1. Evaluate the following for residue 186: is it among the charged types (D, E, K, R), at pLDDT 70 or above, over 21 Å from residue 381 (Cα atoms) and open to solvent by 10 Å² or more (accessible area, probe 1.4 Å)?
2. Considering region 330-351 alone, what residues qualify as being under 26 Å from residue 311 (Cα atoms) and either aliphatic (A, V, I, L, M) or touching a strand residue (DSSP E or B) at 6+ places or on another chain (Cβ under 6 Å) (or both)?
3. Specify which of the listed residues (199, 205, 212, 192) is aliphatic (A, V, I, L, M), in contact with a His (Cβ under 9 Å, 6 or more places away or on another chain) and either open to solvent by less than 10 Å² (accessible area, probe 1.4 Å) or more than 16 Å from residue 364 (Cβ to Cβ) (or both).
4. With the requirement that a residue be under 14 Å from residue 132 (Cβ atoms) and touching a residue at least 60 places away in the same chain (Cβ under 8 Å), what does region 192-224 give you?
5. Answer yes if at least one residue in region 1-18 is touching a Cys at 6+ places or on another chain (Cβ under 8 Å) and within 17 Å of residue 103 (Cα to Cα), and no otherwise.
6. Working carefully through the options 48, 31, 52, find the one that is open to solvent by less than 30 Å² (accessible area, probe 1.4 Å), more than 21 Å from residue 140 (Cβ to Cβ), out of contact with any Ser or Thr (no Cβ under 6 Å at 6 or more places or on another chain) and small (Gly, Ala, Ser).
7. Being modelled with pLDDT under 60 and of a type in the set (A, V, I, L, M, F, W, C) narrows it down to one of 327, 298, 278, so name that one.
8. Quick one: in region 343-357, of everything that is in contact (Cβ under 8 Å) with a residue 40 or more places away in the chain and out of contact with any Pro (no Cβ under 8 Å at 6 or more places or on another chain), which residue is surrounded by the fewest Cβ atoms within 10 Å (Cβ to Cβ)?
Amino acid sequence: MIASLLVATMLICGARWPGVLVAGALFTYQASVLSGYPGMTPIYTIIALTIAVWKARHALGRLVPSSLDITFALFLAVHCCSAAYAPSPPEAFAGLLRLGLAAGSMFLLGRLCALAVPPGRMAVEIAGGMMIFGAAFAGVFLLGSVGSATLRLQIDGATAVGTAQPFPLVLTAGFLAMVAALSQARPALFMISCVATLICLHASIVSGTRGIFVALAAGLMMIGWLGARQIRAWLAAALVILVVAAAVPMMPLVGGAEPFRAGLARLLVNFHQSGIMAADVSGVVRMEQLSMGLTLWADHPLLGVGLGGYSVLTGRDYPHNIFVEVAAESGAVGLALLSIHLATLAWFLSRFPGPAARLLLSGLLVACLVHMQFSYSLFMAKPLFLLTGIAASWSGMRRAAVPPVSGLPRTVFS
């Protein structure tokens, strides 16, 4: 019930702040798992797209094609066309439908929402939506884990890995917001972002999902590299780290000590056996899945085995690495087109007008890409599709000589 109310609240807020619609799309899987209603994602997507079309109705004339549209369309077309020679037509058709709906709807949602608001304001809305609703879903997640001491938490049959997927992005946005608040001497914003970040950090630790922290570190490093000139007060980053370090010992008191200790054990202890570094069961399985995908690519290097072929030929759902998945199913051609698209997307994001949009979206891109090498299948890559839509929309506006106006001054992080 709480998860359903959160989804409804995101849609209501999205009618006022389109960036919240983008943020909300990242939580629909969480909401469907926590509410036990599998139809949550399509319902949210349809309503969110309707709201986005209405909000952007006066700016649809600025929907100009860009190079990102071309690179994204080429990659999807080639990868989807590989279904023609897949070993199982029914499996290929199911994968084609799943990927087409996910990629198309998320790309369109990002493109429409970016038309409705300027980059600086869009960044603030996305970050705010991710922090507030991320903390709310993390709270529901923690309630579901109370009393469980297993190293791999289960909520209604879904593992913690799936329900924790948005946390690296939420934490990336939260840390950036804390640094910005300290740099601007805005204590209220700092307290809100600090509380939201700590709740999500607690849930991330309880989930025991290592990929969250690897992705978070990558996203923060990208923000630090791009924002070295804007974020002059590095003391702010040090203060954020001190706040988190001081709060971590208190976290077990919030949601129960046993789940917290179990999560920490999986994060820190499971790689050690008799003092020797060793992979745990999950790590061994992931390596096997990667090896299977690379073997398929080696056997079919140019065009791959076809969409859905990995699952049919290996008996595994997906290799938990989107690059290996693409290489196995559409070969070197698909992998090359994906790499070209990602390079183009990164180039556009790193040159966005306004520091808020540039730092936030670049950090989110790096965090989501790193996380997708530990988990995810391609059709689950909603953050990537959303960011592509946002960047394509703004790059198209610049080509049309309609420069988007940043909602924040350049010194926002000074």
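1. Working: among the charged types (D, E, K, R): yes; at pLDDT 70 or above: yes; over 21 Å from residue 381 (Cα atoms): yes; open to solvent by 10 Å² or more (accessible area, probe 1.4 Å): yes.
Taking the combined requirement at face value, the residue satisfies it.
2. Our first condition is that a residue be under 26 Å from residue 311 (Cα atoms); within region 330-351, this holds for 330-342.
Hits for region 330-351 are 332, 333, 335, 336, 337, 338, 340, 342.
3. On the way: 199 fails: in contact with a His (Cβ under 9 Å, 6 or more places away or on another chain); 205 fails: in contact with a His (Cβ under 9 Å, 6 or more places away or on another chain); 192 fails: in contact with a His (Cβ under 9 Å, 6 or more places away or on another chain).
Just one listed residue meets the conditions, 212.
4. Passing the criteria: 192, 193, 195, 196, 197, 199, 200.
5. There is no residue in region 1-18 that is touching a Cys at 6+ places or on another chain (Cβ under 8 Å) and within 17 Å of residue 103 (Cα to Cα).
6. Working: 48 fails: more than 21 Å from residue 140 (Cβ to Cβ); 31 fails: more than 21 Å from residue 140 (Cβ to Cβ).
The match here is 52.
7. Numbers: 327 fails: modelled with pLDDT under 60; 298 fails: modelled with pLDDT under 60.
Within the list 327, 298, 278, the selection yields 278.
8. So in region 343-357, the residues in contact (Cβ under 8 Å) with a residue 40 or more places away in the chain come out as 344-345, 348-350, 352-357.
Checking which are out of contact with any Pro (no Cβ under 8 Å at 6 or more places or on another chain) leaves us with 344-345, 348-350, 355.
Working: 344: 20, 345: 25, 348: 22, 349: 27, 350: 15, 355: 25.
Restricting to residues being in contact (Cβ under 8 Å) with a residue 40 or more places away in the chain and out of contact with any Pro (no Cβ under 8 Å at 6 or more places or on another chain), the top hit is 350.
The values are calculated or read from the model by the stated rules, or taken from the named source; none is laboratory data. Fair warning: this is a prediction, and the values are worked out from it, not measured in the lab. All Cβ positions, even for glycine, are placed from backbone atoms using ideal geometry, and neighbour counts span all protein chains on display. Accessible surface is based on the protein model in full, side chains and every heavy atom, while ligands, DNA and RNA are left aside. Shrake-Rupley method; radii C 1.70, N 1.55, O 1.52, S 1.80 Å.
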